[in-house]
Amino acid sequence: MEFVMSGRSPVEIDTSRPHPARMYDWYLGGKDNYPVDEAMGRQMLALDPRVPVMARVNRAFMHRATRWLAENGVRQFLDVGTGIPTEPNLHQIAQRVAPESSVVYCDNDPIVLAHAAALLRGTPEGRTEYLQADVRDPDAVIEGAKQVLDFGRPVALSLIALLHFVSDADGAHALVGRLMSELPSGSYLVVSHATADFTPEESKAATEKLKAAGVTLALRSREEFARFFDGLELVDPGVAVPHQWHPELGEPIPGQDDGVIPGYGAVGRKA
């Protein structure tokens, strides 16, 4: 088992305030979270009880997008903002279609590092590695990924439910542009992102509650989301509510049609 590190020492897990990856784990019914995460998660449920459905819909979008990419010839994947492992993970989807696929997971949360062993159980034919780095340090992400992936061949960059935790002040669009600039022609960008377009009042309240707890939530409009794909060729159907992106590639999530899913998902190709 090999770990590809960014050069920074792992930091201690901060259990004094909620963390998005651990809250997401709680929404999905996982056990790798703390009382502070559950407490904030319950506040989010009080604003919108469908949050766990949204988390599962988002996860299902990742599964379908990965399956589509693998079925269309992509054999290298860079998943930034991996989060706590929840099966099936990205490499399991990709390697079921193409066992020789190589996958690099990247996250800055030490609790994800603690579970990296679960992420690294790939096929003998493929390669699965873990990189500890932050999307706000794209050079470290690129440097680490190049130790595993061949940047002379197409790479699918996945940013699943990550960018709404990166503010405009941190240059979210520029960070994506920097990462994509290193990838060759034929590479893909996969993004899912929460929005306030459909639920403005609930979204404002959620943003304020998370900000008070030290968590940034940058909910972007459809137009702001689409800007992440500037210069790329969008795969049909383009920007869509996540569960409406190629639904034929996966099973529906119970409850996904019972109300609005306030988010967007899309896949774009670099010409």
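The values are calculated or read from the model by the stated rules, or taken from the named source; none is laboratory data. Note that the structure is predicted; figures quoted are calculated from it, not measured. Here the Cβ positions follow ideal geometry from the backbone for every residue, glycine too, while neighbour counts run over all protein chains shown. Heavy atoms of the whole protein, side chains included, go into the accessibility calculation; ligands, DNA and RNA do not. Shrake-Rupley method; radii C 1.70, N 1.55, O 1.52, S 1.80 Å.
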Only one of P262, P247, P237, P254 is touching a helix residue (DSSP H, G or I) at 6+ places or on another chain (Cβ under 8 Å) and without any contact (Cβ under 8 Å) to a residue 24 or more places away in the chain, namely P237
The condition from (1) open to solvent by 30 Å² or more (accessible area, probe 1.4 Å); (2) outside any helix (DSSP H, G or I); (3) more than 29 Å from E12 (Cα to Cα); (4) touching a residue at least 40 places away in the same chain (Cβ under 8 Å) that E100 misses is numbered (4)
Flagged in region 232-271 as in a loop (DSSP other than H, G, I, E, B) and acidic (D, E), in numbering order, are D236, E251, D257, D258
Given the conditions (1) under 19 Å from the mean Cα position of the chain (by Cα); (2) under 28 Å from S16 (Cβ atoms); (3) open to solvent by 20 Å² or more (accessible area, probe 1.4 Å); (4) modelled with pLDDT of 95 or more, every one holds for D139 apart from (2)
For helices (runs of 4 or more DSSP H) lying entirely in region 161-226, having 1 or more residues that are open to solvent by less than 60 Å² (accessible area, probe 1.4 Å) and over 21 Å from D79 (Cα atoms) picks out 200-212
Residue count, region 11-42, condition under 26 Å from V239 (Cα atoms) and surrounded by fewer than 20 Cβ atoms within 10 Å (Cβ to Cβ), comes to 1
Reported set for region 43-84 where residues are more than 18 Å from R153 (Cβ to Cβ), part of a loop (DSSP other than H, G, I, E, B) and either open to solvent by less than 30 Å² (accessible area, probe 1.4 Å) or among the charged types (D, E, K, R) (or both) is D48, R50, G81, T82, G83, I84
